[in-house]
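For reference, the structure is listed below as structure tokens.
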Amino acid sequence: MTRYDGHRRTDRRFPLVVALVAAVAFVGMLNAPVTSGAAAPEAGTPGEAAPARFDCDVAAITDGDTLRCADGTRVRLHALAARERDETCSPGHPCPEASGAAATAALRRLAGGQALSCERTGRSYERITAVCWTRAGEEINCAMLRSGTVVVWDRYNRQRPLCGGAAVS
């Protein structure tokens, strides 16, 4: 209701509308996808542009599913789960039996010092998620699965399959 208080008109509905809009925005943010694989749409979503490709000269291996490019870009290997450096698994994440140290060593053997070509699939925290290949054409994500030190994260593998779409487990 609008009322006259002597000098100005006040509308008591305005604060209610502002609070309602803020509440709807807050709930919308809570329900937004916050995943380990993608805050951006995954490749293959109808109406989406082709996935971005980028080159990565591997400067460091962080752990069994994360590496850093020479330009500072942090890359998390799409659809893979490895134990953390402290040998734990994050709640709600798949957990391989292999140690984090074994996964890190496997990724270091496969990608350390390599020049990779990567396909962006989304974001995870401060990292780009991607599928990466060596110059010889070997898919690093798939090679890590074959190493037995990581497990596939089915939820993300369904969005953008690894190993050329072959069945993985």
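Only the coordinates and a few stated rules stand behind these numbers; no lab work does. Because the structure is a prediction, the values reported are computed rather than measured. Cβ atoms come from the backbone with ideal geometry, glycine included; neighbour counts cover every protein chain shown.
Quick look at the numbers
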{"quantity": "Mean Cβ count within 10 Å, highest first, over the residues of peptides 141-148, 106-113, 128-135, 159-166", "calculated": "128-135, 141-148, 106-113, 159-166"}
{"quantity": "Global form of region 66-130, assessed from the alpha-carbon gyration tensor, a/c cut-off 1.5", "calculated": "oblate"}
{"quantity": "Y125, Y156 arranged by Cβ crowding within 10 Å, fewest neighbours leading", "calculated": "Y125, Y156"}
{"quantity": "Packing-based ranking, highest mean first, of 67-80, 88-101 given that Cβ atoms within 10 Å are counted", "calculated": "67-80, 88-101"}
{"quantity": "For W153, distant residues with modelled amide H under 5 Å away", "calculated": "L80, A81"}
{"quantity": "Charge tally in the Cβ shell below 11 Å around W133, where Lys, Arg are +1 and Asp, Glu are -1, W133 excluded", "calculated": "-2"}
{"quantity": "Convex hull of region 53-165 built on C-alpha atoms - directionally averaged projected area, nm²", "calculated": "6.2 nm²"}
